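Worksheet for the structure shown next.
The values are calculated or read from the model by the stated rules, or taken from the named source; none is laboratory data. In this text the structure is predicted, and so the values were computed from the model without any measurement. Here Cβ is always computed from backbone atoms with ideal geometry, including for glycine, and neighbour counts include all displayed protein chains.
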Amino acid sequence: MKTEIVSSVHAVPVADWDRIARHAGVYLSHRWLAGEESDPTATASYALVRDSEGTLVAAAPLYFVYHEPNAYYDPVHLPPGTEKPRVIAGARRGYHNTPLTDPDLTADVDAHCLALLREAAREHAGRHRTTHWWPYLTESATRRLAPLYGAPPHRMEDDATIPLPGAGFDDYLASLPSKRRVAIRHERAAFEAAGLDLRHQRLGDVYEDAGRLLAALQESHGHGDDTDAMTSLLKRQAEAMGEQARVVAAYDGPLMTGFCLYYHQGSTTWLRAVGIAPERPAPFAYFALTYYAPIEDAYRHSTTALHCGMKAIEAKRLRGARVSGLYALHDTRTDDTRTDEGA
């Protein structure tokens, strides 16, 4: 095995990267990572592991963070006085993380590749006089990586995914208890009675309106007016993700009153952002736009799950979500230990 660090995901062909990332979700896809490279708050690098024939068999993004604007990516779980790691291994956004390895590897070779990724991340962090950590690891990723780290994993959040059985929304409803079916039908009917125009669009066509609503939601949670920041964020996602960045939006005449941004990736539809105009609420607009409309579109694209992430877990359980844990692992070593086959 040979390990190297490259400075851009563009150094790896899209097909090669996505071959090992196809099960990892949108936030570790080649396209998403390429878009994140323009974020000025961190410098991206990528640890690559290749076999003797030069085939990519494992990889991990590595972000040296100058400034973290998202408090959820601050390693506050560490004991007071502990120097915080400044290198993030894996996905830096999306609250969903895993190392990338070829799913066809044997268990022994997979474990060896994970050890090489750990060493590459350790050495990369050492060159920056810091350590590294993996935030928001899935349960399966945590089980695979935890033996390589001295500290036990720290549970950060719950993570919710709604299974989508069968071939349409009625099949989804049929998978729920009868009381929930009645409640969801009521919510959908009340929202439809409001007479709003529901449209499916490209984010690139509506990022300004969506940014306004997203900022309004942030402000309602006490974060101040971030309209310019939210608009810039959505514009960057639209430019990076193109047709893959889809929005379902509700309109009252020409005015967008709510939206949900999501991505179809692999067998899963990934919810990304939602905004509702607080001054013009429609009955159950949040649930209609965050869950029911994306579920309908997920069935149209033949995905089998809706990843709806962390927070508001009980509301997601009520809509059929299965809940798992998200964990953090951090490196306690600061020296520059190398493996015989490392970079």
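Below is a table of values for the structure above.
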{"read-out": "Selected residue [at pLDDT below 95, touching a helix residue (DSSP H, G or I) at 6+ places or on another chain (Cβ under 9 Å) and crowded, with 17+ Cβ neighbours inside 10 Å] from ALA305, ALA282, ALA249", "value": "ALA282"}
{"read-out": "Tally of residues being touching a Lys or Arg at 6+ places or on another chain (Cβ under 7 Å) and surrounded by 15 or more Cβ atoms within 10 Å (Cβ to Cβ) across the range 2-24", "value": "0"}
{"read-out": "Residue check, ALA115 in a helix (DSSP H, G or I) and without any contact (Cβ under 8 Å) to a residue 60 or more places away in the chain", "value": "no"}
{"read-out": "Meets criteria (modelled with pLDDT under 95, assigned by TED's automatic domain parsing to the domain that holds SER29 and closer than 20 Å to LEU137 by Cα) for HIS112", "value": "no"}
{"read-out": "Members of the range 49-60 found to be within 11 Å of CYS113 (Cα to Cα) and not in a strand (DSSP E or B), listed by number", "value": "ASP51"}
{"read-out": "Enumeration of residues in the range 235-244 that are under 18 Å from ARG199 (Cα atoms) and either buried (at least 24 other Cβ atoms within 10 Å of the Cβ) or charged (D, E, K, R) (or both)", "value": "GLU243"}
{"read-out": "Residues within the range 3-16 that are hydrophobic (A, V, I, L, M, F, W, C) and touching a Ser or Thr at 6+ places or on another chain (Cβ under 8 Å), tallied", "value": "2"}
{"read-out": "Criterion (under 18 Å from TYR299 (Cα atoms), touching a Gly at 6+ places or on another chain (Cβ under 6 Å) and modelled with pLDDT of 95 or more) met by exactly one of LEU198, LEU164, LEU176", "value": "LEU176"}
{"read-out": "Out of TYR299, TYR291, TYR327, sole residue that is modelled with pLDDT of 95 or more, in contact with a helix residue (DSSP H, G or I) (Cβ under 6 Å, 6 or more places away or on another chain) and among the hydroxyl-bearing types (Ser, Thr, Tyr)", "value": "TYR327"}
{"read-out": "VAL87 crowded, with 20+ Cβ neighbours inside 10 Å, of a type in the set (Val, Ile, Thr) and without any contact (Cβ under 8 Å) to a residue 60 or more places away in the chain", "value": "yes"}
{"read-out": "Every residue from the range 166-212 that is without any contact (Cβ under 8 Å) to a residue 24 or more places away in the chain, outside any helix (DSSP H, G or I) and either under 25 Å from the mean Cα position of the chain (by Cα) or surrounded by 12 or more Cβ atoms within 10 Å (Cβ to Cβ) (or both)", "value": "GLY166"}
{"read-out": "Pick from the range 123-147, criterion surrounded by fewer than 17 Cβ atoms within 10 Å (Cβ to Cβ) and out of contact with any strand residue (DSSP E or B) (no Cβ under 8 Å at 6 or more places or on another chain), ranking: nearest to ASN97 (Cα to Cα)", "value": "SER140"}
{"read-out": "Hey, TYR63 without any contact (Cβ under 8 Å) to a residue 40 or more places away in the chain and not in a loop (DSSP other than H, G, I, E, B) or not", "value": "yes"}
{"read-out": "Subset of the range 93-112 (residues that are farther than 24 Å from TRP32 by Cα and either among the hydrophobic types (A, V, I, L, M, F, W, C) or assigned to a strand (DSSP E or B) (or both))", "value": "LEU105, ALA107, VAL109, ALA111"}
{"read-out": "Residue count, the range 44-68 (criterion: within 15 Å of ALA21 (Cβ to Cβ) and polar (S, T, N, Q))", "value": "1"}
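Every residue, every condition in (1) in a strand (DSSP E or B); (2) more than 20 Å from the chain's Cα centre (by Cα), yes or no:
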residue: THR257; (1), (2): yes, yes
residue: LEU261; (1), (2): yes, no
residue: ARG272; (1), (2): yes, no
residue: PRO281; (1), (2): no, yes
residue: TYR299; (1), (2): no, yes
residue: SER324; (1), (2): yes, no
residue: ALA328; (1), (2): yes, no
